[in-house]
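Some notes on the structure that comes next.
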Amino acid sequence: MTNISELKTMLLEEKSRLEKELTGVGHKSPDLAGDWDPSAPDLNNTTTDPNEVADSIEAFEGSVAIEVELEARMMEIDAALVRIEAEVYGVCRICGEVIEDARLHANPAASTCIAHREE
Ligand SMILES: [Zn+2]
């Protein structure tokens, strides 16, 4: 029997960790709730040295990639929390079978059983 409240706690913990990490590379989108935008480097306060400007653009590109990855994971977590609320959590979206306990504990946001996992 899957312990949903335990998995929900895992999801909420990961969500708050992701929110902290997202705060480091981006900020909440003012237009769309739950969406995040990468923070642009503050080029005004940096030097006009082209090498340093290039460095900070490179750093920005790195944080965009991280931001996109964190946001994708955040969406998976939110979707799993929605499934818990809708009482359809822990069921494979491909075959409709109950997702293995071990799989949910490895990835509480999983929406498919082991046979149908995509990663
Ligand atoms: Zn399946």
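The values are calculated or read from the model by the stated rules, or taken from the named source; none is laboratory data. No experiment lies behind these values; they were computed from the predicted model shown. Counting neighbours? That spans all protein chains shown, and the Cβs are built from the backbone with ideal geometry, glycine included. Accessible surface areas use protein heavy atoms only, side chains included; no ligands, DNA or RNA. Shrake-Rupley method; radii C 1.70, N 1.55, O 1.52, S 1.80 Å.
Worth pointing out:
- The chain: most fluctuating residue of Ile77, Ile66, Ile57 per GNM, C-alpha cutoff 10 Å: Ile57
- Acute angle (nearest 10 degrees) that the helix 4-25 long axis makes with the longest principal axis of the chain, alpha-carbon atoms: 10
- A cut-off of 5 Å between modelled amide H atoms, ignoring neighbours fewer than 5 places along the same chain, links Gly26 with Ser39.
- Cα centre as origin, Lys/Arg/Asp/Glu Cβ charges: region 40-119 dipole, Debye: 520
- Net charge contributed by nearby residues that have their C-beta within less than 14 Å of Val82 (K/R +1, D/E -1): 0
- Here's the picture: charge each Lys and Arg Cβ at +1 and each Asp and Glu Cβ at -1 in the chain, and of Ala65, Ser111, Pro41 the one pushed furthest to the positive end of that dipole is Ser111.
- Relative contact order of region 4-88, defined on C-alpha pairs under 8 angstrom at six or more residues apart (%): 35
- In the elastic network of the chain, a GNM with C-alpha springs shorter than 10 Å, the most mobile of Ala80, Ala106, Ala33 is Ala33.
- Whole-percent carbon and sulfur share, accessible surface of the chain, 1.4 Å: 55
- Diffusion of region 4-88 by Stokes-Einstein, at 20 °C in a medium of 1.002 mPa s and with Rh set to the Kirkwood radius over alpha-carbon pairs, works out to 147 µm²/s.
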